[in-house]
Amino acid sequence: MTAPDAPVPCPRCLSSEVPGGEALSALLRQWTEAIPDERRADGALRRARLDVCRACPHLSAGTCALCGCYVEYRAAHAAQRCPDAPGRWPA
Ligand code: SF4
C-alpha cells in the first residue's frame, strides 16, 4: 500500500512528467542528444508522436506497454514506428 502523500504515477504521463522522474527525464534527454542528427526525429515529429502516446491506452507512466520502450526515446528515432497494429503515430 502506498503512503497517502506518495506521488501516484500518472498512466497518461510521459517520463518527463511523472512525479520524481527528473533523473530519468535527464537521462532520456542525454540519450536523445546522442542520436546522430540524421537519425533523430525533428521536434515537430516527436511532439506529434508523443501527443498520440499521451492519448493511447498502452501508455503507462512514460513506457509503452506493447514494446517496453520509453516513448520519448522511441519517438526521437526518425525510423522508429509505433508498435501497435496498425501503428498509431503520424507518418
Ligand atoms: S502503442 Fe504507440 S501510441 Fe501507444 S504508447 Fe506505444 S508507441 Fe505510443
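Descriptive notes on the structure:
- Residue match in region 7-17 (condition: near the ligand (Cβ under 8 Å from one of its atoms), in a loop (DSSP other than H, G, I, E, B) and surrounded by 11 or more Cβ atoms within 10 Å (Cβ to Cβ)): no
- The set of residues in region 35-64 being more than 7 Å from the ligand (Cβ to nearest atom) and touching a strand residue (DSSP E or B) at 6+ places or on another chain (Cβ under 9 Å) consists of 35, 39, 40, 41, 46, 62, 63.
- Boolean, residue 67 is within 12 Å of the chain's Cα centre (by Cα), of a type in the set (A, V, I, L, M, F, W, C) and either at pLDDT 90 or above or part of a loop (DSSP other than H, G, I, E, B) (or both): yes
- The number of residues in region 43-60 being of a type in the set (D, E, K, R) and in contact (Cβ under 8 Å) with a residue 12 or more places away in the chain comes to 3.
The values are calculated or read from the model by the stated rules, or taken from the named source; none is laboratory data. Note that the structure is predicted; figures quoted are calculated from it, not measured. Cβ atoms come from the backbone with ideal geometry, glycine included; neighbour counts cover every protein chain shown.
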